[in-house]
Amino acid sequence: LAGGDLVVRHGRLFAMAGAVPWRGAERGRLAAVEDGSVAVVAGRVAYAGADQDLPASLRALPTLEAGGRAILPGLVDCHTHVPFAAWRADEYAARLAGATYADQQRGARGGLRGIARSAAQLRAASDEEVLAFSRRRLEETLAAGTTTVELKSGYGGDGAGERRSLRLMAALGSQTPQLTVRTGLFLHARPAGSDRAAWLNEVLGALLPEALSGGELDAVDAFVEEVAFNLDEAAALLTAAQAAGLDTHLHAEQLAPSGAAAWAASHGVTSVDHLDHLDAAGVRALGRGDTVAVLLPGATFLAGRGETPPLDDLLRAGAAVALASDLNPGTSPVASLPEMVALACRAWGMAVDDAVAAVTLNAAAALGRSTEVGSLRPGMRGDLVLLDGDELALLAYRLGPAAVATVVAGGQVVVHEGRLGAPGPKAS
Ligand code: NIG
Ligand code: FE
């Protein structure tokens, strides 16, 4: 963390400092401090509250005037597939013409498709090429307000490729002002020519222990689906990761119901993601448990067949709901969390306040990072965004990253009035 000093003054402050996560009876309207300020010292929040109570010592810090605009915690993208090396727009075009995502994963119509194709693209690119392409993607997320971003392996294609992805994730983490959280998506697709049992053995016997001893991982993930891995295989990986103190995630119930979400809710899994085909038992389980339900509107709209995840049922049952970009070349080529807010609000009827909590408080919970990011409380990272006006609804209304004017990461201005980079030196 670079550790800047800054005070942002006279904004409409949404510190989001209530209960975490935002669920059940805790939901409602997000509270605003109408003339609010946030002070950051050495990269950490030192004060967030009414401007009139800003301690005198903090008034001397370098100052950014919010001019009455909304101040929010930096957005948290709890699910991406960065690093990857190339797009797969032709596969989307084929789906528009009637192909299904599941058939593409199976390679049903011949030709290299799906995750295996992204693995081949990654292998064909040099480290410098992957890093340049992936940095560009992270810049897109940053310009849209994302200050914490999850990165996943999963396109490595085999053991050596997965180890390389973990190295590339570490390099990306050192090249962005964002907080990066590293997930090993070791059960995404089995390597060509290997069977699932052999791959699971390699993951449990070599990949995971090596990554743990190298300190390369914060979490693991598995894709539970008929075209990928079954719940027993995923459970073996997640249980081993939990024993080592990692967070755990599942790609669950995306293409068909599987019972994975209910299993996750009773086994301490940090989040279950997708849920387009979640059934009533899964909804009840997530309403009772602490596993965060992460919905991915980009994938729903670009890879789905018109289904809708049971958002209202989840909220009514008391589940903690987050939204994420799922930024990846197969199902969701979209880097902007505001775009996800806009889709969820417009297409699923999500309330703006619920959607804002879903990309801050609840997304932080989905990464097990609620004490660090997702709200503005003393001691937390000095990550915040200034919207281009005073209404939270801007995030749903501008249909894309334009609602976010200014982004501060660790007390440093990293996007200023829509442009990447700190404000230039002032003419004297
Ligand atoms: O989150 N569904 C599984 N994994 C990714 C997409 C993988 C791909 O098609 O490249 C997802 O949708
Ligand atoms: Fe995903």
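The values are calculated or read from the model by the stated rules, or taken from the named source; none is laboratory data. Because the structure is predicted, anything quoted here is derived from the model rather than measured. Cβ sites come from the backbone with ideal geometry, for glycine too, and all protein chains shown count toward neighbours.
Quick check, is Gln242 surrounded by fewer than 24 Cβ atoms within 10 Å (Cβ to Cβ) and touching a strand residue (DSSP E or B) at 6+ places or on another chain (Cβ under 9 Å)?
Numbers: surrounded by fewer than 24 Cβ atoms within 10 Å (Cβ to Cβ): yes; touching a strand residue (DSSP E or B) at 6+ places or on another chain (Cβ under 9 Å): yes.
So Gln242 passes the test.
Would you pick out the residues in the range 224-237 that are in a helix (DSSP H, G or I) and either within 16 Å of ligand 1 (Cβ to nearest atom) or acidic (Asp, Glu) (or both)?
Within the range 224-237, the subset in a helix (DSSP H, G or I) is 231-237.
The answer is Leu231, Asp232, Glu233, Ala234, Leu237.
Kindly list the number of the only condition in (1) under 21 Å from the mean Cα position of the chain (by Cα); (2) more than 16 Å from ligand 2 (Cβ to nearest atom); (3) buried (at least 19 other Cβ atoms within 10 Å of the Cβ) that fails for Val203.
(1)
I need the full set of residues from the range 399-428 which are closer than 22 Å to Ala342 by Cβ, modelled with pLDDT of 95 or more and touching a helix residue (DSSP H, G or I) at 6+ places or on another chain (Cβ under 9 Å), in order please.
Answer for the range 399-428, where residues must be closer than 22 Å to Ala342 by Cβ, modelled with pLDDT of 95 or more and touching a helix residue (DSSP H, G or I) at 6+ places or on another chain (Cβ under 9 Å): Ala403, Val404, Val407, Val415.
Take Val20 and tell me if it is in a loop (DSSP other than H, G, I, E, B), within 25 Å of the chain's Cα centre (by Cα), more than 22 Å from His416 (Cα to Cα) and within 16 Å of ligand 2 (Cβ to nearest atom).
No; evaluated as a whole, the condition is false for this residue.
Kindly evaluate Leu64 against the criterion of being in contact with a strand residue (DSSP E or B) (Cβ under 9 Å, 6 or more places away or on another chain), farther than 30 Å from Gly318 by Cβ and hydrophobic (A, V, I, L, M, F, W, C). Reasoning before the result, please.
On the way: in contact with a strand residue (DSSP E or B) (Cβ under 9 Å, 6 or more places away or on another chain): yes; farther than 30 Å from Gly318 by Cβ: yes; hydrophobic (A, V, I, L, M, F, W, C): yes.
Yes, satisfied.
Say we look at the range 298-331 and pick out the residues that are in a loop (DSSP other than H, G, I, E, B) and among the β-branched types (Val, Ile, Thr); which of these is farthest from ligand 1 (Cβ to nearest atom)?
Of everything passing the filter in the range 298-331, Thr308 is farthest from ligand 1 (Cβ to nearest atom).
Tell me, yes or no, whether the range 116-131 has at least one residue that is buried (at least 16 other Cβ atoms within 10 Å of the Cβ) and either under 18 Å from Asp77 (Cβ atoms) or more than 16 Å from ligand 1 (Cβ to nearest atom) (or both).
yes
Can you tell me how many residues in the range 250-297 are in a helix (DSSP H, G or I) and either modelled with pLDDT under 95 or more than 13 Å from ligand 2 (Cβ to nearest atom) (or both)?
Step one: of the range 250-297, the residues in a helix (DSSP H, G or I) are 260-265, 280-288, 297.
In the following step, the residues that additionally are either modelled with pLDDT under 95 or more than 13 Å from ligand 2 (Cβ to nearest atom) (or both) were identified as 260-265, 280-288.
Adding up the residues that qualify gives 15.
Considering every residue within the range 92-112, establish whether at least one is in a strand (DSSP E or B), in contact (Cβ under 8 Å) with a residue 24 or more places away in the chain and of a type in the set (A, V, I, L, M).
No.
Among the residues in the range 178-194, are any surrounded by fewer than 22 Cβ atoms within 10 Å (Cβ to Cβ), within 17 Å of the chain's Cα centre (by Cα), of a type in the set (Ser, Thr, Tyr) and over 18 Å from Ala235 (Cα atoms)?
Scanning the range 178-194, I find at least one residue that is surrounded by fewer than 22 Cβ atoms within 10 Å (Cβ to Cβ), within 17 Å of the chain's Cα centre (by Cα), of a type in the set (Ser, Thr, Tyr) and over 18 Å from Ala235 (Cα atoms), so the answer is yes.
Tell me, please, whether a residue that is in contact with a Cys (Cβ under 7 Å, 6 or more places away or on another chain) and within 16 Å of ligand 1 (Cβ to nearest atom) can be found in the range 251-261.
No, there is no match, as no residue in the range 251-261 is in contact with a Cys (Cβ under 7 Å, 6 or more places away or on another chain) and within 16 Å of ligand 1 (Cβ to nearest atom).
Sort through Leu367, Leu361, Leu392 and tell me the only one that's more than 15 Å from the chain's Cα centre (by Cα) and either surrounded by fewer than 24 Cβ atoms within 10 Å (Cβ to Cβ) or under 20 Å from Ala17 (Cβ atoms) (or both).
Going through Leu367, Leu361, Leu392 in turn, just one is more than 15 Å from the chain's Cα centre (by Cα) and either surrounded by fewer than 24 Cβ atoms within 10 Å (Cβ to Cβ) or under 20 Å from Ala17 (Cβ atoms) (or both): Leu392.
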